[in-house]
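Asks: Pasting a structure here, questions to come.
Nothing in this text is a laboratory measurement; each read-out follows from the coordinates by a stated rule. These numbers come from a predicted model, not from an experiment.
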Amino acid sequence: AAQVTGEDRKRAAQYATERRRRDTEQAFGSVDDYLKSLEMVGEVRELESPDDADMARVVQLLGKTNQFNLTTRRHTQEQVCSMLAEPGAVGLTLRLNDKFGDHGLVSVVLAVPDEQDGLRIDTWLMSCRVIGRTAEHFMLDALLTRARQAGYARVTGEYIPTKKNQLVADLYDRLGFDRTSEEGGCVVYGLALEGAAKPTTWITAGEAVRG
């Protein structure tokens with residue numbers, strides 16, 4: 001049975017707040033000026049166990065997110081927990097708020113070690129509500145930081161096309177990854193951590209990120 005999360009209960013209020021954001025956007029001459037004015041703060045949290053307070057929302061997003069979803073893998077809670085139990089695995093969630101209100105939990109990254117001493121992004125998704133807010137750059141920066149701390153030299157990712165995720169078809173290209181292979185429509189990317197540029201974002205790190 002589907003679980004009703006706190007995010008569901010807040011949805012109506014979030015839609016009203018989003019209309020206020022869009023109305024405000026019209027007053028700015030550039031996208032950067034508008035994004036700066038939002039005073040966005042992001043909080044990245046580690047996803048570690050079945051008892052994690054964010055787990056229900058994560059599984060919900062895995063089941064329904066289509067547009068900003070690089071691989072569209074529909075993992076169950078059991079599968080997520082099994083993945084994160086693997087030594088060296090990384091699970092991150094992003095909560096975002098701005099001067100208008102709280103977006104809630106809007107992005108998930110699940111990554112596991114590969115066979116070449118790198119970290120492979122199995123799943124990367126984001127809510128449509130925050131597309132265009134540089135949240136993807138903020139989330140990538142957090143992931144690269146975790147990967148360096150864990151001693152990885154490289155991060156890899158995949159784009160598996162579907163009828164609905166063309167929005168992110170060139171995401172890894174835009175983020176500075178190199179294409180390493182392509183087969184059957186699936187494109188594999190890699191990014192060497194040494195010398196990788198810091199992603200540019202208008203989001204300020206909250207305390208959970210600064211650690």
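Asks: State, to one decimal in nm², a quarter of the convex hull surface area for the C-alpha atoms of the chain, i.e. the direction-averaged projected area.
Replies: Across all orientations, the chain yields a mean hull projection of 12.4 nm².
Asks: Set the bar at 20 Å for Cα to Cα. Now go through 64/198; 99/198; 64/163; 36/99 and name every pair that lies beyond it.
Replies: Going by Cα-Cα distance, 64/198; 99/198 fall outside the 20 Å limit.
Asks: Count the DSSP beta bridges whose two residues both fall in the chain, then state the antiparallel fraction as a percent rounded to the nearest 5.
Replies: Restricted to the chain, the bridges split so that about 85 percent are antiparallel.
Asks: Please say if the range 34-151 is rounded, prolate or oblate, where rounded means a/c under 1.5 for a ≥ b ≥ c the square roots of the C-alpha gyration tensor eigenvalues, and otherwise the choice is prolate for a/b larger than b/c and oblate otherwise?
Replies: prolate
Asks: At 222 nm, what helix-only mean residue ellipticity would the chain give, in deg cm²/dmol to the nearest 500, using -39500 (n - 2.57) for each DSSP H run of four or more?
Replies: That calculation yields -9500 deg cm²/dmol at 222 nm.
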